[in-house]
Amino acid sequence: MCKSRTPSEASPHQADDSSLQREVDPSWSEEELPKQQTTVPMEKSGVYVDPMATHASGRFQKGNTVHMSIIEHGARRKGTFKIKRGRLTASGYWEYQLSIIDGNGRLYQDGAWVRERELKAESTQRR
């Protein structure tokens, strides 16, 4: 909520609320802004960034059975696959190549890489 000021409370540097002015630090310039934003601090808000940190391993291993929603002939169904290979991308997420369970070892979509978030682990619970 904004509190209105009476004319007597207004600063001598402000004519009215519509012409609010803020002080500008003369030592700062817009040319310096990109330089300041490109460096990532090693410590911020009490959290330390470890430059030698290892990446998290993927959720799935080679040979795991996974499920993914697929569309065949205009109908959506659950596809069942086995993990053939996995890789960590430069962006930091995992991708997998899938082999079709009943496809004699054929790769899903000729070896297309599928993001980890598209896959679901096979349930170990039987109904």
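The values are calculated or read from the model by the stated rules, or taken from the named source; none is laboratory data. Values in this document were obtained by computation on a predicted structure and should not be read as measured data. All Cβ positions, glycine included, derive from the backbone under ideal geometry; neighbour counts span all protein chains shown.
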Could we say that residue 110 is over 14 Å from the mean Cα position of the chain (by Cα), of a type in the set (Asp, Glu) and part of a loop (DSSP other than H, G, I, E, B) here?
no
Residue pairs within 7 Å by beta carbon, gap of at least six or interchain, first lying in the range 75-92 and outside any strand (DSSP E or B), second modelled with pLDDT of 95 or more, listed first then second, are 89/95
Return the total of residues in the range 75-89 being within 24 Å of the chain's Cα centre (by Cα) and of a type in the set (A, V, I, L, M).
2
Kindly indicate whether any position in the range 90-97 is on the phi < 0 side of the Ramachandran plot and among the polar types (S, T, N, Q).
yes
Scope the range 19-74; condition outside any loop (DSSP other than H, G, I, E, B), more than 21 Å from residue 94 (Cβ to Cβ) and either more than 22 Å from the chain's Cα centre (by Cα) or at pLDDT 65 or above (or both); matching residues:
19, 30, 31, 32, 33, 34, 35, 36, 47, 48, 71, 72
